[in-house]
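K.L.:
Dumping the structure here so I can ask a few things about it.
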Amino acid sequence: HLPLAKQRPVNPAVAPVSAREAPALSGRVIVVDDNRDAADTLAMALRQHGAVVQTTYCAKDALGVLTPESDVAVIADLGMPELDGFELARRIRANSSNARVRLIALSGWGQLEDRARAQAAGFDAHFTKPADIEALVAILSARPTSQRQDPGSHRH
């Protein structure tokens, strides 16, 4: 038998802000990862922040669901079979109707060389797994800019 923890009354003045109380994300987010558990978990976390999320488990499927929109972000793993995240980014960037798509790399690959390759392929930001959800939401909440994020700026 394990003892039950005693519950303390929550003081609303010092209670942490929940994801539901945080500003909601706008636009659509496409999560692309061949690891279904990782993709589904990230999608669930982003939905808790108000995002409209679509999940695909391969890069080719992501290309199929990407439509020209003014406010869409693609969060993609780099190491996927058949078509990796680098090639996915290059193909998205090659289509001028995708100029405003925000591309975020989310990968276990976090060396400087990986970050530089991601930036060269067209990613706007790079996060290493496991991602800091709050930092990821902050990037998604920020207005898109014409300047991509420094590939070393997010080491989460």
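K.L.:
Taking the options Ala89, Ala94, Ala120, name whichever one is of a type outside the set (Asp, Glu) and open to solvent by less than 10 Å² (accessible area, probe 1.4 Å). Outline the logic, then answer.
P.N.:
Details: Ala94 fails: open to solvent by less than 10 Å² (accessible area, probe 1.4 Å); Ala120 fails: open to solvent by less than 10 Å² (accessible area, probe 1.4 Å).
From the options Ala89, Ala94, Ala120, the qualifying one is Ala89.
K.L.:
Residues to consider are Asp33, Asp77; find the one that is open to solvent by less than 20 Å² (accessible area, probe 1.4 Å) and closer than 17 Å to Ile139 by Cα. First the steps, then the outcome.
P.N.:
Working: Asp33 fails: closer than 17 Å to Ile139 by Cα.
Only one candidate qualifies: Asp77.
K.L.:
Considering Asp61, Asp132, Asp124, Asp77, which residue is touching a His at 6+ places or on another chain (Cβ under 9 Å) and of a type in the set (Asp, Glu)?
P.N.:
Within the list Asp61, Asp132, Asp124, Asp77, the selection yields Asp132.
K.L.:
Kindly indicate which of Leu78, Leu103 is over 14 Å from Arg28 (Cα atoms) and under 16 Å from the mean Cα position of the chain (by Cα).
P.N.:
Leu78
K.L.:
Follow-up. Which of the residues spanning segment 42-85 are under 16 Å from Ile104 (Cβ atoms) and in a helix (DSSP H, G or I)?
P.N.:
Leu42, Ala43, Ala45, Leu46, Ala59, Ala62, Gly85
K.L.:
Give the residues of segment 99-116 that are of a type in the set (Phe, Trp, Tyr) and modelled with pLDDT of 95 or more, sorted by residue number.
P.N.:
Of everything in segment 99-116, nothing turns out to be of a type in the set (Phe, Trp, Tyr) and modelled with pLDDT of 95 or more.
K.L.:
With respect to His154, is the statement that it is at pLDDT below 95, open to solvent by less than 30 Å² (accessible area, probe 1.4 Å) and touching a strand residue (DSSP E or B) at 6+ places or on another chain (Cβ under 7 Å) true?
P.N.:
In short, yes.
Table: residues versus (1) at negative phi; (2) in contact with a Lys or Arg (Cβ under 9 Å, 6 or more places away or on another chain); (3) in contact (Cβ under 8 Å) with a residue 40 or more places away in the chain; (4) acidic (Asp, Glu).
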site	(1), (2), (3), (4)
Val32	yes, no, yes, no
Leu46	yes, no, yes, no
Asp71	yes, yes, yes, yes
Leu78	yes, yes, yes, no
Ser96	yes, no, no, no
Leu103	yes, yes, no, no
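K.L.:
Would you mention how many residues in segment 96-107 are in contact with a helix residue (DSSP H, G or I) (Cβ under 9 Å, 6 or more places away or on another chain) and outside any strand (DSSP E or B)?
P.N.:
Number satisfying all stated conditions: 3.
The values are calculated or read from the model by the stated rules, or taken from the named source; none is laboratory data. Keep in mind that this is a model prediction, so the values were computed, not measured. Counting neighbours? That spans all protein chains shown, and the Cβs are built from the backbone with ideal geometry, glycine included. Remember, those area values only see protein heavy atoms, side chains included, never the ligands or the DNA or RNA. Shrake-Rupley method; radii C 1.70, N 1.55, O 1.52, S 1.80 Å.
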